[in-house]
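Reviewing the structure listed below.
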Amino acid sequence: MAPREPTHISDFFRYFAYGSNLLNERIHVQVKRAVFEGVGVLRGHKLVFYDHGQRWMGAVASIERSHDEEVWGCIWRVENSFAAELDKQENGYHRLSVEVEMNGEPLICRTYQYSNPDRQLALPSPHYKHVIVSGAIEHSLPAGYIGKLKAINDNGYVGPVKLDLQVLKELNNNQKQLGLTSHCKHFIYPSMAFERRSSLPVPADDEDSCKNSLK
């Protein structure tokens with residue numbers, strides 16, 4: 001089956017988001033009339049993180065070809081009048097036309113790929129990862145893929161980022177109260193919607209302080 005193009009190509013384009021624009025709140029900061037069409041999968045690619053971006057205080061997401069892997073994301077309908085605004089948000093990326101499958105049907109979508117030719121693999125901030133995971137959950141991406149997103153290591157950054165999103169309220173403002181220090185036996189992992197707990201070795205005299213930090 002040939003990929004389907006937009007019916008009114010002069011009015012809008014389809015945009016495949018795989019990073020922070022998975023989240024409704026995030027994409028509508030700048031692309032205010034983006035309309036969610038559905039969940040799509042880009043086959044033959046993998047999700048990667050490169051370099052260090054000041055907006056997120058950590059590595060930024062991109063896609064690379066990888067024969068046996070796939071990237072899940074959201075397909076948004078974006079009016080052409082917002083194309084420049086989306087390009088501005090994706091500064092440091094270049095446009096890419098890709099074939100994405102939605103409900104078994106191939107669609108031609110615009111997406112973005114990180115452009116730096118000297119890019120280096122790096123870790124995203126907890127904030128960036130949390131936005132990506134939250135968007136994946138919000139739009140019901142496959143559970144297995146969400147699990148892979150949750151398993152991505154982050155860089156441990158503590159502090160605010162430049163985007164003031166509601167989903168980042170705790171991470172931007174209250175990290176010191178969330179018990180995120182690694183010496184605690186049980187700590188709340190910010191990138192996993194504050195629900196995942198891990199067990200770490202801890203000296204006995206630190207038990208009380210760890211318990212208090214989680215209250």
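Cβ-Cβ contacts under 7 Å between residues 6 or more apart (or on different chains), taken from a first residue in segment 92-108 that is closer than 28 Å to residue 118 by Cβ to a second residue that is surrounded by fewer than 18 Cβ atoms within 10 Å (Cβ to Cβ) and among the hydroxyl-bearing types (Ser, Thr, Tyr), are listed as 92/115; 93/115; 94/115.
Has segment 135-147 got at least one residue that is among the aliphatic types (A, V, I, L, M), at pLDDT 95 or above and touching a Leu at 6+ places or on another chain (Cβ under 6 Å)? The answer is yes; a qualifying residue exists. Mind checking whether some residue in segment 61-69 is in a strand (DSSP E or B), more than 16 Å from the chain's Cα centre (by Cα) and among the polar types (S, T, N, Q)? Among the residues of segment 61-69, at least one is in a strand (DSSP E or B), more than 16 Å from the chain's Cα centre (by Cα) and among the polar types (S, T, N, Q), which makes the answer yes. The residue pairs whose first member lies in segment 34-50 and is in contact (Cβ under 8 Å) with a residue 40 or more places away in the chain, whose second member is of a type in the set (D, E, K, R) and surrounded by 20 or more Cβ atoms within 10 Å (Cβ to Cβ), and whose beta carbons are closer than 8 Å, counting only pairs six or more residues apart or on different chains, are 37/14. Once segment 15-48 is narrowed to residues that are surrounded by fewer than 21 Cβ atoms within 10 Å (Cβ to Cβ) and of a type in the set (S, T, N, Q), the residue that is nearest to the chain's Cα centre (by Cα) is 24. With respect to the stated conditions, residue 112 is farther than 17 Å from residue 58 by Cα and of a type outside the set (Lys, Arg). When each of 78, 48, 39 is tested for being under 20 Å from residue 165 (Cβ atoms) and at pLDDT 95 or above, the lone residue that passes is 78. Which residues, taken from segment 10-63, are under 21 Å from residue 125 (Cα atoms) and of a type in the set (Ser, Thr, Tyr)? Within segment 10-63, 18, 20, 50, 62 meet the criteria.
Among the residues of segment 110-147, the ones that are assigned to a helix (DSSP H, G or I), in contact (Cβ under 8 Å) with a residue 12 or more places away in the chain and surrounded by fewer than 15 Cβ atoms within 10 Å (Cβ to Cβ) come to 0 in all.
Scan segment 49-69 for residues that are more than 15 Å from residue 131 (Cα to Cα), crowded, with 16+ Cβ neighbours inside 10 Å and charged (D, E, K, R) and the total you get is 1. Exactly one residue out of 162, 169 is surrounded by fewer than 17 Cβ atoms within 10 Å (Cβ to Cβ), over 15 Å from the mean Cα position of the chain (by Cα), in a helix (DSSP H, G or I) and at pLDDT below 95, and it is 169.
The values are calculated or read from the model by the stated rules, or taken from the named source; none is laboratory data. Quick caveat: nothing in here was measured; it's all calculated off a predicted structure. When we count neighbours, we look across all protein chains shown, and the Cβ atoms used for this are built from the backbone with ideal geometry, even at glycine.
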